[in-house]
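Inspection log for the structure reproduced underneath, given as structure tokens.
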Amino acid sequence: MINRRQWLYGMGVIAGAGTQIGNTAALSPTESPKSETHPTPLELSLYEPKSMLQVHQSRVERAKFPVIDFHTHISVSTKSKNGVELLPDRQYLGTAQELLAVMDRKNIQAMVNLTGGYDKALAAAVSKYDRQYPGRFYTFTEPSYSRFKAPDYPRLQAQAIEQAHRDGALGLKILKTLGLYLRENITSGTLVKIDDPRFDPMWDACGQLNMPVAIHISDPVAFFNATDRFNERYEELNNHPDWSFHGKDFPSNAELIAARNRVIERHPKTQFVTLHVGNFSENLQNVAENLERFPNMSVDIAARIGELGRQPITSRKFFDKYQDRILFATDATPHGDEFPQQVFNDQLYEIYYRFLETNDEYFDYAPAKTPPQGRWRIYGINLPDETLHKVYQQNAARLLRISV
Ligand SMILES: [Zn+2]
């Protein structure tokens, strides 16, 4: 004879009652009471929970307005050491034809290739994309750190910006090399600070030539903490130990941001687009304070909708208030499959559009099996048309001085 409780359990009506059950014969093999008392450990990387939430699912195939993706990497340096690019030469990650196919489907008017290099390699990148497909591609230049040891580097670097401008670069990109990798002897010695005065002529040249500076400093703030069980990006750091800036001689996130702010303050005629939501998307209050302080600062949202979308109420207020200073951007990298949060494909753009244009709840921020930048999901912020238009297109067009 089984009692009512045992009968219900056997029918699967009572869940989690395994510890109280006496008659195991009523259980299916997968419902062993023993395993519920002493759960089998599950490797974190194997855990792929499927949400049982039944909520509205939108699909936004095309952006509501033409899009300028302000932050992409169509080409990258062919040689770097200890995080410092040593050659201007480029490796191209995608052909214009394959990029244009996705762009046309997703209503992407233009892609800005931030990592265009310098010298002849820059000129080659501009003629390969920008000149070949006018209005669809724009290229930025980068500093030539390999010349950093030259005694007249400050002047040489400013001249290199002028040359890049003549060659068709629309702006300057700063990777986190500055502040986290570039050292006095380029790849060795003490770290060079972001506000090192040797770069002042370069920032000024950008201002004089109306070339915005797209500046990436720092990284997610969790990358500066120990990779331990308290770290919200444990899996990501565990997969990429070289992304950790914990310990050694690395400055803190706060020090990096303070140094960047001194540069922005010292060069009020230069426009700075602080990438990845001012490199502090975990703290939009901090980003807002800096936007208030510096009229020559704006932000892009590249690779940070995972952060923005987990604080949708704060994010929506941030977009409402700074709608003239936020640029659409993804960090898209053609064939960058190992980083699903920035792989250039249709799916990636649809996720960004869904975040910006809908009220959808609890969806993946990256086209990946498990969330690659932390185990959470995001919520849409349903921006009004006027803001969308600015963020998708107009703010970037104004900064790049292109007519749309
Ligand atoms: Zn990037």
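Screening ALA258 on (1) assigned to a helix (DSSP H, G or I); (2) in contact with a Gly (Cβ under 9 Å, 6 or more places away or on another chain) shows it passes everything except condition (2). For segment 188-218, give me each residue that is surrounded by 22 or more Cβ atoms within 10 Å (Cβ to Cβ) and either charged (D, E, K, R) or assigned to a helix (DSSP H, G or I) (or both). Hits for segment 188-218 are PHE199, MET202, TRP203, CYS206.
Here are LYS128, LYS173, LYS120, LYS149: which of them is in a strand (DSSP E or B), at negative phi and of a type in the set (D, E, K, R)?
On the way: LYS128 fails: in a strand (DSSP E or B); LYS120 fails: in a strand (DSSP E or B); LYS149 fails: in a strand (DSSP E or B).
Only one candidate passes the filter, namely LYS173.
Within segment 131-155, the set of residues being within 28 Å of the chain's Cα centre (by Cα) and closer than 24 Å to ILE186 by Cβ comprises PHE140, THR141, GLU142, PRO143, SER144, TYR145, SER146, PHE148.
Do you know which residues across segment 266-294 are among the charged types (D, E, K, R) and in contact with a Pro (Cβ under 8 Å, 6 or more places away or on another chain)? Outline the logic, then answer.
Quick first cut of segment 266-294, residues among the charged types (D, E, K, R) only: 266, 269, 282, 289, 292-293.
Selection gives GLU282 alone.
Could you check segment 103-130 and list, in sequence order, the residues that are farther than 16 Å from PRO334 by Cβ, more than 16 Å from the ligand (Cβ to nearest atom) and within 24 Å of the chain's Cα centre (by Cα)? Give the steps one after another, and end with the answer.
Here is the first cut: in segment 103-130, the residues farther than 16 Å from PRO334 by Cβ are 107, 109, 117-124, 126-127, 130.
Cutting the leftovers down to more than 16 Å from the ligand (Cβ to nearest atom) gives us 107, 109, 118-124, 126-127, 130.
Once the filter is applied, which keeps residues that are farther than 16 Å from PRO334 by Cβ, more than 16 Å from the ligand (Cβ to nearest atom) and within 24 Å of the chain's Cα centre (by Cα), segment 103-130 yields ASN107, GLN109, TYR118, LEU122, VAL126, ASP130.
Answer yes or no as to whether ILE174 is surrounded by 18 or more Cβ atoms within 10 Å (Cβ to Cβ), touching a residue at least 24 places away in the same chain (Cβ under 8 Å), out of contact with any strand residue (DSSP E or B) (no Cβ under 7 Å at 6 or more places or on another chain) and under 28 Å from GLN393 (Cα atoms).
Details: surrounded by 18 or more Cβ atoms within 10 Å (Cβ to Cβ): yes; touching a residue at least 24 places away in the same chain (Cβ under 8 Å): yes; out of contact with any strand residue (DSSP E or B) (no Cβ under 7 Å at 6 or more places or on another chain): no; under 28 Å from GLN393 (Cα atoms): yes.
So ILE174 does not fit the description; no.
So, restricting to helices (runs of 4 or more DSSP H) that lie completely within segment 279-361, which ones have at least 2 residues that are over 18 Å from THR387 (Cβ atoms)?
On the way: elements: 284-293, 305-308, 312-321, 346-357.
Qualifying helices (runs of 4 or more DSSP H): 284-293, 305-308, 346-357.
Every residue, every condition in (1) of a type in the set (Asp, Glu); (2) farther than 27 Å from GLU236 by Cβ; (3) crowded, with 20+ Cβ neighbours inside 10 Å, yes or no:
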{"position": "TYR47", "(1), (2), (3)": "no, no, no"}
{"position": "LYS50", "(1), (2), (3)": "no, no, no"}
{"position": "VAL55", "(1), (2), (3)": "no, no, no"}
{"position": "LYS64", "(1), (2), (3)": "no, yes, no"}
{"position": "PHE70", "(1), (2), (3)": "no, no, yes"}
{"position": "VAL76", "(1), (2), (3)": "no, no, no"}
{"position": "PRO88", "(1), (2), (3)": "no, yes, yes"}
{"position": "GLU98", "(1), (2), (3)": "yes, yes, no"}
{"position": "ALA101", "(1), (2), (3)": "no, yes, no"}
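Flag: THR139 matches the condition of being within 16 Å of the ligand (Cβ to nearest atom), among the β-branched types (Val, Ile, Thr) and assigned to a strand (DSSP E or B).
Just for strands (runs of 3 or more DSSP E) wholly inside segment 52-107: which have at least 2 residues that are in contact (Cβ under 8 Å) with a residue 40 or more places away in the chain and at negative phi?
Strands (runs of 3 or more DSSP E) meeting the threshold: 67-72, 75-77.
The residues in segment 58-101 that are away from the ligand (no atom under 16 Å from the Cβ), within 30 Å of PRO384 (Cα to Cα), among the β-branched types (Val, Ile, Thr) and in contact with a strand residue (DSSP E or B) (Cβ under 7 Å, 6 or more places away or on another chain) can be counted, and the count is 1.
For segment 293-300, state whether one or more residues are of a type outside the set (Gly, Ala, Ser) and buried (at least 24 other Cβ atoms within 10 Å of the Cβ).
Residues of segment 293-300 of a type outside the set (Gly, Ala, Ser): 293-297, 299-300.
Checking which are buried (at least 24 other Cβ atoms within 10 Å of the Cβ) leaves us with 299-300.
Yes, segment 293-300 has at least one match.
Tallying residues that are under 27 Å from SER45 (Cβ atoms), assigned to a loop (DSSP other than H, G, I, E, B) and touching a residue at least 24 places away in the same chain (Cβ under 8 Å) within segment 224-249 yields 3.
Flag: PRO295 does not match the condition of being more than 22 Å from ASN210 (Cα to Cα), modelled with pLDDT of 95 or more and either more than 16 Å from the ligand (Cβ to nearest atom) or more than 13 Å from the chain's Cα centre (by Cα) (or both).
The values are calculated or read from the model by the stated rules, or taken from the named source; none is laboratory data. Here the structure is a predicted model, which is why all the values come from computation and not from measurement. Cβ sites come from the backbone with ideal geometry, for glycine too, and all protein chains shown count toward neighbours.
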